[in-house]
Protein chains: 2
Amino acid sequence: MTSLQDAVQRIGPLLEEAMAAARARQDQLTKPQGSLGRLESLSVQVAGITGNPRPVIHHKAVIVVAGDHGVAAEGVSAYPQEVTAQMVYNFLRGGAAINVLARHVDARVVVVDAGVAADLEPHPALKIRKIGYGAGNIARGPAMTREQAVQALETGIALVEEELSQGLDIVAPGDMGIANTTPAAAIAAAVTGLPPAEVTGRGTGVDDAGLARKIAVVEQALRVNEPDPKDGVDLLAKVGGFEIGVIAGIILGAAAHRIPAVLDGFICTAGALIAAAIAPAVTAYCIAGHNSLERGHSAMLRHLGLKPLLDLDMRLGEGTGAVLAMGLVEAACKILNEMATFAEAGVSERTG
Amino acid sequence: MTSLQDAVQRIGPLLEEAMAAARARQDQLTKPQGSLGRLESLSVQVAGITGNPRPVIHHKAVIVVAGDHGVAAEGVSAYPQEVTAQMVYNFLRGGAAINVLARHVDARVVVVDAGVAADLEPHPALKIRKIGYGAGNIARGPAMTREQAVQALETGIALVEEELSQGLDIVAPGDMGIANTTPAAAIAAAVTGLPPAEVTGRGTGVDDAGLARKIAVVEQALRVNEPDPKDGVDLLAKVGGFEIGVIAGIILGAAAHRIPAVLDGFICTAGALIAAAIAPAVTAYCIAGHNSLERGHSAMLRHLGLKPLLDLDMRLGEGTGAVLAMGLVEAACKILNEMATFAEAGVSERTG
């Protein structure tokens, strides 16, 4: 198993030579230069991540990580905590949105219990990596110990490494955890320095009173725990959650193995903020899949310097926005690989 | 063959009953209501278009229509006119961007010669529907006669009907035609009332001098031809083009047969402006695939009241943005069809 420290040390800059070769090829393909916009730049980024000037995205995985949150007791969610476990079973049966969208883009779904507050029934497709039975209530104290935070991160790194043997060209972490927009908002506020009211949204759909309560809980969590925004492990331990830590670890593990990580929405990007606090170079390996409707998500992406691919008013999580974006990344790499050049096609180049 | 008049008469409003049923089902699926945003509204729109409360998008086609433009003689393009024919051969060999992206979303590519200024070599996959050898130079006179305009529109309607036998759940018109952003800009200016400078862009990439020349040509085309923006056939005849007319006909034909039409960028949306001038009800059958980087495209979409699905800085045409969006429409319908309901999955509903 790769330690957190070893993974962080492996994360270097993108490989310029492969990027230059990809860029040169894009400019020879039968289209006006630059006319495929972000599909072109995406293909160049994936070349730089993988070191392959003609990268292929074939094996795709979304790793959906579930965990519960003690802060649910503060009445910050429109759904009861039992829904976390119920949705894990829904993932295992293939009936959730992430299953449908993953099938659509031909990505495999890996389901992980990182900290559901119940013992789940064993299932061949369920990876039980429990760090605890629900994170602590961040309104009253830390989410977890520093040791548990490192364990969560290393669990994410290990999950990526377990997938390598089956082939892994791109990965997206997904989330499930009732109340997890509350710790994610606390992470966003701590890292961006914005007031909690500006990065706290309605999550699964709380009403105005619920939203006001949630903002107060985020403020309280920051006051009680005083997380250090420069220390990603501290941030995770104080105001994070088990699935958020595993997600951050998946992002670090992907970068350590030169695999692009597609970010989903609010929770996943909170994980990316933690990953970037630990290893700033990780952001070059991240592709922002979409802009979530959840308040605060765009501030998170701005902080990371990432521009989302999709903006479809989605706010579900599970990795749903990320897998849709995976299809675009795959398309971008196919453009680079499969299009004819001007010379091959006998098409005249520009005159003006 | 369906006449233009018959097709227009067939285009009625969306079917409310199917939309209501689709909406009701979306609200029972295992996700917070509305949390899949535009995927949900897209599925409801397709239900209303097709009349099927659980529509399936399986058979997909992009019909790439090629035509030349006499206005190329005014030096409005960065590429020589011969590229239109060369790119048709590239489409037939499968080496163009549209081929790659259509394969990615499993859409078939239909290639049509609506008015290339050369006799193309026969090919089993090429449909020769020549209305003329290049449209007239709109800077000096009309693009075509009124009879040719009707012929172009009816050719588009017939192309949709030819595809029905192979199965057609969704269609996207694509374009190829050196200099065709010039007539498209003239159509945009005429319909929106905006000054030509605000809806004329760099097309395949003309420099500043080329852009100034192009704006002057658009102004001249409007002055010389005085198209009636309320009369779609007049607009097409005066400042359109053969492929633009066929594209408008495809959009009308799709709506007449209750099939969603995905719009691509600047040229395709110029076709949609013509279609909407002829039959305003057609816009309900249109899905704006993407926002093109080409100046003026967003003004066209605003005029039609359509919001694009993708915004990836693309400006290639051929149907490239539309086929990527087709994948999203298919995903939206799969969500509606394949997700489990709360009752089926045994997931608790919201408490708050």
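Things worth noting here:
- Subset of the range A:318-336 (residues that are of a type outside the set (A, V, I, L, M, F, W, C) and at the interface with another protein chain (Cβ under 8 Å from one of its Cβ atoms)): A:Thr320, A:Gly327, A:Glu330, A:Lys334
- Qualifying residue in the range A:252-261 (condition: out of contact with any Lys or Arg (no Cβ under 9 Å at 6 or more places or on another chain), among the β-branched types (Val, Ile, Thr) and at pLDDT 95 or above): yes
- Taking the criterion of being buried (at least 18 other Cβ atoms within 10 Å of the Cβ) and within 30 Å of A:Gly346 (Cα to Cα), the residues of the range A:1-20 that qualify are A:Ala18, A:Met19.
- Looking across the range A:313-352, the residues that are acidic (Asp, Glu) and either crowded, with 24+ Cβ neighbours inside 10 Å or on the phi > 0 side of the Ramachandran plot (or both) come down to A:Asp313, A:Glu318.
- Matching residues in the range B:193-202 - criterion: being on the phi < 0 side of the Ramachandran plot and either surrounded by fewer than 18 Cβ atoms within 10 Å (Cβ to Cβ) or aromatic (Phe, Trp, Tyr) (or both): B:Leu194, B:Pro195, B:Ala197, B:Glu198
- Checklist (1) surrounded by 20 or more Cβ atoms within 10 Å (Cβ to Cβ); (2) more than 13 Å from chain B (Cβ to nearest Cβ); (3) not hydrophobic (A, V, I, L, M, F, W, C) applied to A:Thr30, failing item: (2)
- The residues of the range A:52-107 that are basic (Lys, Arg) and more than 8 Å from every other protein chain (Cβ to nearest Cβ), listed by number, are A:Arg54, A:Lys60.
- Residues in the range B:293-309 that are at the interface with chain A (Cβ under 9 Å from one of its Cβ atoms) and within 22 Å of B:Ala255 (Cβ to Cβ): B:Leu309 alone.
- For the condition over 22 Å from B:Asp68 (Cα atoms), facing another protein chain (nearest Cβ under 9 Å) and among the hydroxyl-bearing types (Ser, Thr, Tyr), B:Thr341 qualifies.
- Residues in the range B:271-296 that are basic (Lys, Arg) and within 15 Å of the chain's Cα centre (by Cα): 0 in all.
- Hits in the range B:33-49 (condition: touching a residue at least 40 places away in the same chain (Cβ under 8 Å) and within 13 Å of chain A (Cβ to nearest Cβ)): B:Leu36, B:Arg38, B:Leu39, B:Glu40, B:Leu42, B:Ser43
- For the range A:154-165, the criterion of being assigned by TED's automatic domain parsing to the domain that holds A:Glu82 and modelled with pLDDT under 95 is met by at least one residue.
Each row is one residue, and each column tells you yes or no for (1) within 28 Å of A:Arg38 (Cβ to Cβ); (2) surrounded by 22 or more Cβ atoms within 10 Å (Cβ to Cβ).
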site	(1), (2)
B:Arg38	yes, no
B:Val65	yes, yes
B:Tyr79	yes, yes
B:Thr84	yes, yes
B:Arg93	yes, no
B:Ala97	yes, yes
B:Val112	no, yes
B:Glu121	no, no
B:Ala149	no, yes
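- Flag for B:Val239 being surrounded by fewer than 24 Cβ atoms within 10 Å (Cβ to Cβ), touching a residue at least 40 places away in the same chain (Cβ under 8 Å) and out of contact with any strand residue (DSSP E or B) (no Cβ under 6 Å at 6 or more places or on another chain): no
- Those strands (runs of 3 or more DSSP E) of the range B:50-154 in which at least 1 residues are in contact (Cβ under 8 Å) with a residue 40 or more places away in the chain, considering only elements entirely within it, cover B:60-67, B:108-115.
- Evaluation of B:Gly136 against the conditions (1) closer than 20 Å to B:Val239 by Cα; (2) within 13 Å of chain A (Cβ to nearest Cβ); (3) surrounded by 17 or more Cβ atoms within 10 Å (Cβ to Cβ); (4) not aliphatic (A, V, I, L, M) shows that the sole unmet condition is (2).
- Condition met for A:Pro308 (of a type outside the set (D, E, K, R) and either more than 22 Å from A:Val64 (Cβ to Cβ) or crowded, with 22+ Cβ neighbours inside 10 Å (or both)): no
- Test: residue in the range A:124-145 that is over 22 Å from A:Gly240 (Cα atoms) and in contact with a strand residue (DSSP E or B) (Cβ under 8 Å, 6 or more places away or on another chain): yes
- Output for the range B:14-31, where each listed residue is within 12 Å of B:Ala47 (Cα to Cα) and either in a loop (DSSP other than H, G, I, E, B) or acidic (Asp, Glu) (or both): B:Leu14, B:Leu15, B:Glu16, B:Glu17
- Top-ranked residue of the range A:281-299 - restricted to ones that are under 17 Å from A:Leu328 (Cβ atoms) and of a type in the set (A, V, I, L, M), ranked as surrounded by the fewest Cβ atoms within 10 Å (Cβ to Cβ): A:Ile287
- If the condition is being over 13 Å from B:Ile11 (Cβ atoms) and among the small types (Gly, Ala, Ser), then the range B:278-312 contributes B:Ala288, B:Gly289, B:Ser292, B:Gly296, B:Ser298, B:Ala299, B:Gly305.
- Condition met for A:Glu154 (under 18 Å from the mean Cα position of the chain (by Cα), closer than 22 Å to A:Ala261 by Cβ and surrounded by fewer than 19 Cβ atoms within 10 Å (Cβ to Cβ)): no
The values are calculated or read from the model by the stated rules, or taken from the named source; none is laboratory data. These figures come from a predicted structure and were not determined experimentally. Glycine also receives a Cβ, built like all others from the backbone with ideal geometry; neighbour counts cover every protein chain displayed.
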